[in-house]
1. With a point put 7 Å past each Cα toward its Cβ, work out how far Gln307 is from Glu416 in nm, to one decimal.
2. Using a 1.4 angstrom probe, figure out how much accessible area the range 18-134 has per residue, in square angstrom, rounded to the nearest whole.
3. Could you grab the relative contact order for the range 2-49? Cα pairs under 8 Å, six or more apart, rounded to a whole percent.
4. Considering only protein heavy atoms, with the full assembly of protein chains and a 1.4 angstrom probe, order Glu345, Glu441, Glu4 by accessible area, largest first.
5. If I stretch the segment between Ile510 and Thr39 completely, what's the gain in nm (0.36 nm per residue apart, minus their alpha carbon distance), one decimal?
6. Mind listing the long-range amide H neighbours of Asn493? Cut-off is under 5 Å, sequence gap 5 or more, other chains count too, H placed in the peptide plane at 1.01 Å from N.
7. What order do you get for 347-359, 7-19 when each peptide is scored by the mean count of other beta carbon atoms within 10 Å, highest first?
8. Mean separation of Cα pairs under 8 Å and 6+ residues apart, divided by the residue count of the range 421-514: what relative contact order is that in percent?
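The values are calculated or read from the model by the stated rules, or taken from the named source; none is laboratory data. Source: prediction; values computed, not measured. Positions of Cβ are generated from backbone atoms using ideal geometry, with glycine treated the same way; all protein chains shown enter the neighbour counts. To get the accessible areas, we keep the full protein, side chains included, count just its heavy atoms, and leave off ligands, DNA and RNA. Shrake-Rupley method; radii C 1.70, N 1.55, O 1.52, S 1.80 Å.
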Amino acid sequence: GGMEKIKQHTFTLAHYTYAVLSTLKYANGAPVVRIYSDTDFSNPDDQGPVINFNVLDENGEVIGFSEVDKMASLYNIHVRTGCFCNTGACQMHLGISNEDIQRNLQAGHVCGDDIDLVDGRTTGSVRISFGYMSSFEDAQTFLKFIMSTRLSKLDAEVPFQSCVTKLMTESVPDDHPSFNDDDKLSPVPQVLDRELGNNLSAAKTTLDWQPPEAEAESIRAAVSETAVPTCRRGDKPITVTNIYLYPIKSCSAFEVTEWPVGSQGLLYDRNWMVVNQNGVCMTQKQEPRLCLVNPSIDLKQKVMVVQAEGMDPIFVSLEENTGKEAVICESKVCSHRVKTYDCGERIADWFSLFLGRPCRLIRQSSDTKNRLPQKNTKGLASAANISLSLVNEAQYLLINVASILQLKEYISARLEEPLEIEELIRRFRANIVISAPESFEEEEWAEISIGALRFQVVGPCSRCQIICIDQQSGERNKEFLQSLSAARGRKTNFGIYLMNQPLRSSFPDILSVGSQVLPVLKENTEIQPPTSSEE
């Protein structure tokens with residue numbers, strides 16, 4: 001039928017999706033989404049098959065587009081986010097002034113990043129679009145995603161049935177020159193209403209859970225983004241309980257009780273990564289079985305031992321290959337180019353056999369230029385000597401056992417099954433695990449000292465779908481990211497990023513389990529250590 005039929009088909013999908021989105025409301029009557037459009041989706045000559053919107057919470061506050069993108073990925077939905085290379089339209093629809101644009105820039109926001117909120121105000125939006133290959137099932141999948149993640153129950157006041165009935169009889173005006181009677185908008189199949197309703201019923205059993213009021217109040221207090229921990233003199237000491245490094249990016253953790261600290265973080269942490277046949281870094285997002293690869297470091301023998309079930313162990317030398325036979329290549333980590341070299345055919349064959357696809361192991365070259373962290377490192381001493389390994393954001397990631405425990409109760413209740421704290425710790429893939437008296441108090445710290453080591457906090461860790469992967473089996477469960485989002489409100493933050501500040505000290509740079517952690521609050525008020533009588 002040519003382009004005219006494609007226009008009719010794609011506009012029908014956009015028109016239907018727009019109409020349903022427009023009706024979705026929370027129990028308090030607040031809209032679930034805010035749609036940005038200059039039309040009412042009534043004429044395909046004026047409106048293309050594109051819907052631009054932001055998701056709102058029950059109070060009408062925008063949920064950041066980065067968080068929506070992460071949740072959509074759990075449902076295999078690809079959305080575009082940001083300002084779509086159209087700053088003028090972004091300013092007009094979002095009410096962003098020229099001064100706001102400058103303030104966002106000063107806050108570190110640039111095109112293509114995940115800074116979706118600055119001072120509580122959105123910096124962009126979400127966009128979906130339909131093409132000739134799109135189907136009503138695709139539209140259904142998208143609507144199911146919005147409803148199952150935002151609505152805990154089917155609000156009786158939402159005129160969903162009337163919306164579908166209207167769409168089944170609605171058409172483009174008869175006098176529209178591009179359409180004859182045979183080309184009117186196709187009716188929405190009856191099955192859509194039933195399937196979407198069934199989906200909401202299923203979602204209700206998962207999302208309707210509410211804790212007892214006392215527990216609810218505790219959860220609200222614990223997960224509040226703005227709660228300032230009470231730091232009293234004589235509190236229990238904060239200590240390091242676990243240390244993990246991940247020699248191969250996105251592979252299993254290697255747990256140690258003490259470990260040397262290098263210029264890029266824990267020695268040998270994320271020095272290697274697996275790449276596909278095109279040289280692109282592979283992570284658990286694309287290949288969950290990476291978590292079943294278990295690397296360990298033998299400092300005495302100067303080798304990394306890589307093991308996996310059903311495979312013979314393979315040994316990789318810790319000494320860098322600087323000979324003529326080394327294959328030097330450039331790779332990317334979070335859009336930053338890094339200089340690496342290939343670890344050879346034998347090791348490539350091992351990984352290709354285990355993962356069932358062509359891939360190679362590469363290592364970061366020691367003579368690569370320093371790759372500075374993306375997050376704010378203002379105030380770091382000797383910034384010129386600070387660089388990153390193959391990590392995404394910062395040298396270290398720290399989580400708090402008290403925060404894990406609080407989240408564990410929340411997720412267990414939603415899953416209706418018990419969870420082991422060790423499983424959650426593995427899912428969050430931290431370098432340093434601490435035991436602090438208060439849950440989420442780590443989010444109020446500006447600096448910490450552990451023994452002779454001093455670290456600056458450079459920001460929260462915004463979580464992605466990797467926490468949905470069981471690190472023991474490689475199985476996915478999207479409930480984990482959805483539960484974190486529900487617990488934290490408008491963000492999926494959990495844990496904090498750290499950068500090491502080198503100290504002139506006679507003590508060796510060793511990080512040890514059992515070491516005491518001394519934080520400094522963002523207000524520069526140091527938390528007092530416990531008195532000797534209470535230790």
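1. In this crude label model, Gln307 to Glu416 measures out at 3.9 nm.
2. On the way: 5740 Å² over 117 residues.
Accessible area per residue, the range 18-134: 49 Å².
3. On the way: 29 pairs, mean separation 20.4, N = 48.
Worked out over the range 2-49, it gives 43 percent.
4. Sorted descending by solvent-accessible area, the residues read Glu345, Glu4, Glu441.
5. Working: separation 471, 0.36 × 471 = 169.56 nm, distance 6.21 nm.
Net length gain for the segment: 163.3 nm.
6. Arg463
7. Descending mean neighbour count gives 7-19, 347-359.
8. Numbers: 104 pairs, mean separation 31.9, N = 94.
Normalised by residue count, the contact order of the range 421-514 is 34 percent.
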